[in-house]
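Notes follow once the structure below has been shown.
Bear in mind these aren't lab numbers, they're just calculated from the coordinates by the rules spelled out. Since the model is a prediction, treat every value here as computed from it, not as a measurement. Backbone-built Cβ (ideal geometry, glycine too); neighbour counts: all protein chains shown.
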Amino acid sequence: MSNDKTKEDKKNVFTHADKIFWPVEGYTKGDVIAYYNSVYKYIIKYLKGRPESLYRTPNGIKDKGFFQKDAGGDAPDWMAKYPSWSESVQKEVNYLVCNNKASLLYLANLGCIEMNPWNSTVEHPDNPDYMIIDIDPSEKNTYDEVIETALTVKLVLDKAGAVSFCKTSGATGMHVYVPLGAKYAYEQVRRFAEKVAGLVCDDLPSLATLERSLSKRGKKHIYIDFLQNKIGSTLACAYSLRPRPGAPVSTPLEWKEVKKGLRPEQFHIRNTLKRLEKKGDLFAGILKKGIDMEKCMQRLGT
């Protein structure tokens, strides 16, 4: 570690490490900090250079928590920040950017159980590094139905000639990513994602929907969310903890693992590092050479 990073680490003062974040399991804020310290070398590539939407749960998972996008005046000087105009609040927002271990542990100490980076970096903010299909089940859906939907997404992407990578959301859904190499604007990517989502719904008419509203889609339809492909939109990244019972982790999978019987709670704070040491980083491909999106669109008939 460089001298600069050593100085940054020394500036991190961890507070209330013994605070219980998971009342049933007994996991503490200190366990969150220790987890991120242990997986740092794997998770940092999905955070570095990316503005972060902070979801803070400083009182643990029983508290609703809150989102914070603007760093405000409390963030340390050594932590990177990225100014970006926000249409929703009509002002410039200074996002925190997690570029090193000290920054990651600083966020954990703020009570950020999960990490939510942008799809693009500060170097090319208008061009995402990947496309995301967010498989979002309703109340009555089973996880086996989520798996069926994810495999259908893969089939559509295979037809398009697009390589894809899958991970559990760490909650009830799944995320499918397609590498883009930052070659396309968000609007182009959203159109491709919408085409893929529509074809999935065509293949699974009784299960999948493009209806975002829970009240309108009912309790038995899985929403194929293509709208995550816009600037500033965030999801929990690979290897992020989630503030849910059992301390689950959003975990990359081999496609052969995506089969009936898989459950997201299999992957959690206590076994993620061991899995990483055994299988390596299964998600690294999302940051490598991107697909030719125009050719993929043509193969899908557009």
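Here are the numbers for this structure:
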read-out: Within the chain: Cβ-based charge dipole about Cα centre, in debye rounded to nearest 20 (Lys, Arg +1; Asp, Glu -1); value: 500 debye
read-out: Charge dipole (debye, nearest 20) of region 37-134; +1 at Cβ of Lys and Arg, -1 at Cβ of Asp and Glu; value: 380 debye
read-out: Distance from region 267-302 to region 53-71 (C-alpha centre basis), Å; value: 27 Å
read-out: Shape call, the chain: gyration tensor on alpha carbons, a/c limit 1.5; value: prolate
read-out: Burial ordering of THR168, THR209, THR121, fewest other beta-carbon atoms within 10 Å first; value: THR121, THR209, THR168
read-out: Sequence of LEU300, LEU214, LEU96 once ranked by neighbouring C-beta atoms within 10 Å, starting from the fewest; value: LEU214, LEU300, LEU96
read-out: Estimated distance in nm for a label pair at ILE20 and LYS256, the labels positioned 7 Å out from Cα along Cα-to-Cβ; value: 4.3 nm
read-out: The chain: angle of helix 186-203 to the longest principal axis, Cα-based, in degrees nearest 10; value: 50 degrees
read-out: Inter-part distance where region 152-211 and region 73-87 are each reduced to a Cα centre, Å; value: 32 Å
read-out: Top of CYS201, CYS166, CYS237 by mean-square fluctuation, Gaussian network on the chain, Cα under 10 Å; value: CYS201
read-out: Difference of contour (0.36 nm per residue) and Cα-Cα distance, THR142 to SER88; value: 16.0 nm
read-out: Charged-residue dipole, Cβ positions (Lys, Arg, Asp, Glu), region 159-302 about Cα centre, Debye nearest 20; value: 340 debye
read-out: Gain in span if fully extended, ALA185 to ASN271, counting 0.36 nm per residue against the direct Cα distance; value: 27.2 nm
read-out: Relative exposure of LEU282, LEU235, judged by other C-beta atoms within 10 Å (fewest first); value: LEU282, LEU235
read-out: Rounded to 10°, Cα long-axis angle of helix 143-160 versus longest principal axis of the chain; value: 70 degrees
read-out: Amide H contacts under 5 Å for HIS268, placed H, 5+ residues apart; value: VAL249
